[in-house]
Protein chains: 2
Amino acid sequence: MTGLLVSHRFNARFGKDFVATARRDGVELDLLVLPPDCGARIDDMAAARAEIAYFSFDLFPEFSRQFFSATRKASGLKWLHVFNAGVDHPVYATILERGVRLTTSSGSTAEPIAQTAITGMLYLARNFPRWTAGQRNRRWDPMRSTDFPRDLRGQVMLIYGLGSIGGEIARLAHLLGLHVIGVRRKAVKTGSVDEIHAPDKFPALLPKSDWLVLACPLSEETRGMVDASLLAKLPRGARVINISRGEVVDEPALIAALQSGHLGGAYLDVFAQEPLPAGSPLWDLPNVVVTPHNSAASAGNEARVNAIFLDNLRRWKRNEPLVNEVNKRQ
Amino acid sequence: MTGLLVSHRFNARFGKDFVATARRDGVELDLLVLPPDCGARIDDMAAARAEIAYFSFDLFPEFSRQFFSATRKASGLKWLHVFNAGVDHPVYATILERGVRLTTSSGSTAEPIAQTAITGMLYLARNFPRWTAGQRNRRWDPMRSTDFPRDLRGQVMLIYGLGSIGGEIARLAHLLGLHVIGVRRKAVKTGSVDEIHAPDKFPALLPKSDWLVLACPLSEETRGMVDASLLAKLPRGARVINISRGEVVDEPALIAALQSGHLGGAYLDVFAQEPLPAGSPLWDLPNVVVTPHNSAASAGNEARVNAIFLDNLRRWKRNEPLVNEVNKRQ
């Protein structure tokens, strides 16, 4: 029997099916279920039996504390699988330092996140903020030909990070007629990208970019990367889309560039501090679209994450390499 | 010399270049320029010399009256080219009855209109109305997994009308993973459509459609076509996108279906009465996006329309068939 730490809600919704599917793959699971009250803690005996822990969708954020308190108690824990893709939070460094293996669900939310990013781009490109303001005031106020927005076809989109999310954004932007430039460490050419460059070329690519899209993980390399000097290299009126991590951008510099009119707008799902403080000027700057770190929201994610975890369980049982394994130093 | 009636603004921006380009194609143009004041009328002598009239972008709507007053006076008028695609306005029937030929710029705005329609779809599909309301109130209020929107992939989009606009909407929706069903009179299969059906099958297709997109011209067939009984055939929560003509839909029935919750939302660029009256409930129904008959707005339209007109001028000179010619009875 393999002890698996799971949430109360996961157990209620998927527990039985999950155990049955794992059994068909040769894995006998012993589900160790967290209490339904997020203030309650799992008992020590149960925690001691946990060999694997599953940080599922429903745990975030209310049950995060309860879950990681249990993993700390689980002295026999060997592997943690998480529903999300970004594991820059310090709790994961601690997990890795204990020698626990860590796998993510990278890829499971790429399609919805990319669709959200493209929605933000189209919303700004077609000048919906003006129409939305008109609707709010019951005002029929069409743009005239003298103030029509530029054609989207032929505009340049620079995407920093071409993982599963950046790759899907590239595909969609390319199909909408944009010229797509990708920046990534590994120079893999994908069909959707018109140009691909190494990170050291990033600053030189900014002056010709109408759109800067951040789709990279937060790392020592990317923390604070987009600062005032890089933003200044973008052409006047350029727009920024960030669906990665707020810390990749120098947020005060971004705000200043939006306020001065150097940038023409932004779609931001992530922020230096989350929840975004009520006093932040980002909430009501013109042509700035704010969403609450929620771009992935899609009903199919849960099934996709469960499928990745089940596949990894099979691999675990057979001592095969795990999918989406995170190494200590990345 | 061929007398061509043009707007004051067209003449100022493009007149010289246009005359030069036409000359290279063997057409000597005599530009008859409307006065810069929309209340002023062209003199009778000039009007009498007009063989062709060009209803350009900048004339709509402030100068429409001035322009059509001039075409009425132009007894020698043989051909009218218009910047738009939809010529359901009664003024065009009068033109055709006089024996004047009529050509449109169908296709010139297909890409921006399709992009706007797709923006509306994505905005509703990703549940942006909720995020927009949160932003307006500086409230960080992410959706939890229990209220995530459905995956867009696999949803069914039914498009009525597969001209250049409907075809481009189909292409984009298909690439976003939707199952696209097209309805058109001519059963031409295009690569972007998963199924294609004749108009008599339309009612039977509604029950499986998550999205109903109206992209047809207004005609005797389509006027009032989408009535209460057809809307009732859509599944609960389905959404309607209309970028064609408001009169295609029974608007009170649409409002009732939105208010009852039978429909989950709508993106509407066109209305039974335009400007949409300030008292219309459509302005602030939840999950209804209203734009002011403006979905085509894009800076590249003018050049595309001029190119279509120039091509037709060449054909006119050579007695070749004109592109986008409208027949009396369609």
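Under a 5 Å amide H cut-off, with hydrogens placed 1.01 Å from N, A:Leu178 pairs with A:Gly154 among residues at least 5 apart or on other chains.
Under the simplified labelling scheme, the A:Ala204-A:Asp311 pair shows an inter-label distance of 3.7 nm, with each label point 7 Å from Cα along Cα→Cβ.
Taking the Cα centre of chain A as reference, the dipole from Cβ charges on Lys and Arg (+1) and Asp and Glu (-1) amounts to some 480 debye.
Take A:Asp200, push a point 7 Å out from Cα through the beta-carbon direction, and compare it with the same point in every other copy: 7.0 nm, smallest first.
Which links in B:Lys73/B:Lys186; A:Lys16/B:Lys233; A:Lys73/A:Lys186; B:Lys186/B:Lys317; B:Lys16/B:Lys78 stretch past 28 Å when you go from one Cα to the other? Long pairs (Cα-Cα over 28 Å): B:Lys73/B:Lys186; A:Lys16/B:Lys233; A:Lys73/A:Lys186; B:Lys186/B:Lys317.
For the pair the range A:232-262 / the range B:38-106, the C-alpha centres are spaced 47 Å from each other. Here the 3J(HN,Hα) profile of the range B:92-101, calculated from phi with Karplus coefficients 6.51, -1.76 and 1.60 at θ = phi - 60°, is 6, 4, 4, 4, 5, 5, 6, x, 7, 6 Hz, Gly and Pro shown as x.
Relative to the longest principal axis of the Cα atoms of chain A, helix A:301-317 runs at roughly 40 degrees.
Just which residues of the range A:268-292 lose 50 Å² or more accessible area with every protein chain there, against their chain alone, with the probe set to 1.4 Å? For the range A:268-292, once contacts with the other chains are taken into account, A:Trp283, A:Pro292 lose 50 Å² or more. Kirkwood analysis of the range B:93-173, using all unique Cα-Cα pairs, places the hydrodynamic radius at 16.0 Å. Starting from the label point of B:Arg318 at 7 Å along Cα→Cβ, the same points in the other copies fall at 6.5 nm, in ascending order. Charge dipole of the range A:110-290 (Cα centre as origin; +1 on each Lys and Arg Cβ, -1 on each Asp and Glu Cβ, all else neutral): 580 debye, rounded to the nearest 20. The contact residues of the range A:116-133, meaning those that lose at least 30 Å² of 1.4 Å-probe accessible area when all protein chains sit together rather than their chain alone, are A:Thr116, A:Thr119, A:Leu122, A:Tyr123, A:Arg126, A:Phe128, A:Trp131.
Which value at 222 nm does chain B reach when only helices count, each DSSP H run of 4 or more adding -39,500 (n - 2.57), with the total divided by all residues and rounded to the nearest 500 deg cm²/dmol?
On the way: 11 runs with 105 residues, N = 330.
After summing the helix terms and dividing by residue count, I get -9000 deg cm²/dmol.
Chain B and chain A together bury an accessible surface of about 5500 square angstrom, both sides counted, with a 1.4 Å probe and no ligands or nucleic acids included.
Name the residue farthest towards the positive end of the dipole of chain B from the options B:Thr222, B:Val248, B:Ile159, assuming +1 on Cβ of Lys and Arg, -1 on Cβ of Asp and Glu, about the Cα centre. Comparing the listed Cα positions along the dipole, B:Ile159 ranks first. For the rotational copy relationship between A and B, the axis lies nearest to a chain A beta carbon, identified with its distance in whole angstrom as A:Leu175, 3.
What per residue convex hull volume, in Å³, do the alpha-carbon atoms of the range A:1-81 yield? Walk me through the intermediate numbers first.
Values: hull volume 6.5 nm³, N = 81.
Cα convex hull per residue, to the nearest whole number: 80 Å³.
Shown here: chain A, whose C-alpha atoms stretch 70, 46, 33 Å along the first, second and third principal axes, sorted largest to smallest. Residue order by solvent-accessible surface for B:Ile165, A:Ile243 is B:Ile165, A:Ile243, largest first, with ligands and nucleic acids left out and a 1.4 Å probe. Under 5 Å from the amide H of B:Asp30 lie the amide H atoms of B:Thr2, B:Gly3, B:Leu4, each residue being 5 or more positions distant or on a separate chain, with H modelled from the backbone and absent for Pro and chain starts. Using the Cβ-Cβ distance between B:Asn327 and B:Arg138 with R0 = 51 Å, the FRET efficiency computed as 1/(1 + (r/R0)^6) comes to roughly 0.35. Positive end of the dipole of the range B:45-106 (Cβ unit charges, origin at the Cα centre): among B:Val91, B:Gly76, B:Ala53, the Cα lying farthest that way belongs to B:Gly76. How many percent of the accessible area of the range B:110-290 is carbon or sulfur, using a 1.4 Å probe? Carbon and sulfur atoms account for 53 percent of the accessible area of the range B:110-290.
About the centre of its Cα atoms, the protein assembly as shown shows a dipole size close to 800 debye [charges on the beta carbon of Lys, Arg (+1) and Asp, Glu (-1) only; nearest 20 debye]. A straight Cα-to-Cα reach below 17 Å connects B:Lys208 with the aspartates and glutamates B:Asp151, B:Asp194, B:Glu195, B:Asp200, residues fewer than 8 places away in its own chain not being considered. Comparing B:Gly134, B:Gly177, B:Gly261 in a Gaussian network model of chain B where C-alpha atoms under 10 Å apart are linked, the largest mean-square fluctuation is found at B:Gly134.
Rounded to the nearest 0.05, what FRET efficiency is calculated for B:Thr94 and B:Arg223 with R0 set to 22 Å and r the Cβ-Cβ distance? Walk me through the numbers before you get to the answer.
Working: r = 19 Å, r/R0 = 0.86.
The value I calculate is 0.70.
For chain A, the solvent-accessible area of protein heavy atoms averages 42 Å² per residue (probe radius 1.4 Å; ligands and nucleic acids excluded). Note on A:148-157: average number of Cβ atoms from other chains within 10 Å of each residue's Cβ is 4. Amide H of A:Leu80: which non-local residues (sequence gap of 5 or more, or other chain) have their own amide H closer than 5 Å, using H built in the peptide plane? So A:Leu80 has HN proximity to A:Ala53, A:Arg101, A:Leu102, A:Thr103.
Legend: translational diffusion of the protein assembly as shown by Stokes-Einstein, Rh = Kirkwood radius over C-alpha pairs, 20 °C, 1.002 mPa s; D = 77 µm²/s.
Position A:Asp147: other-copy label points at 3.5 nm, ordered by increasing distance, label point 7 Å along Cα→C-beta.
Considering Cα pairs under 8 angstrom that are at least six residues apart, work out the relative contact order of chain B and quote it in whole percent.
It comes to 15 percent, rounded to a whole number.
Taking a sphere under 13 Å around the Cβ of A:Met45 and counting the other residues whose Cβ falls inside, with K and R at +1 and D and E at -1, yields a net charge of 0.
The values are calculated or read from the model by the stated rules, or taken from the named source; none is laboratory data. Every value quoted in this text rests on a predicted model; they were computed, and no experiment measured them. Cβ: placed from backbone, ideal geometry, glycine included. Neighbour counts: every protein chain shown. For the accessible areas, the whole protein counts, side chains as well, though only heavy atoms, and no ligand, DNA or RNA atoms are used. Shrake-Rupley method; radii C 1.70, N 1.55, O 1.52, S 1.80 Å.
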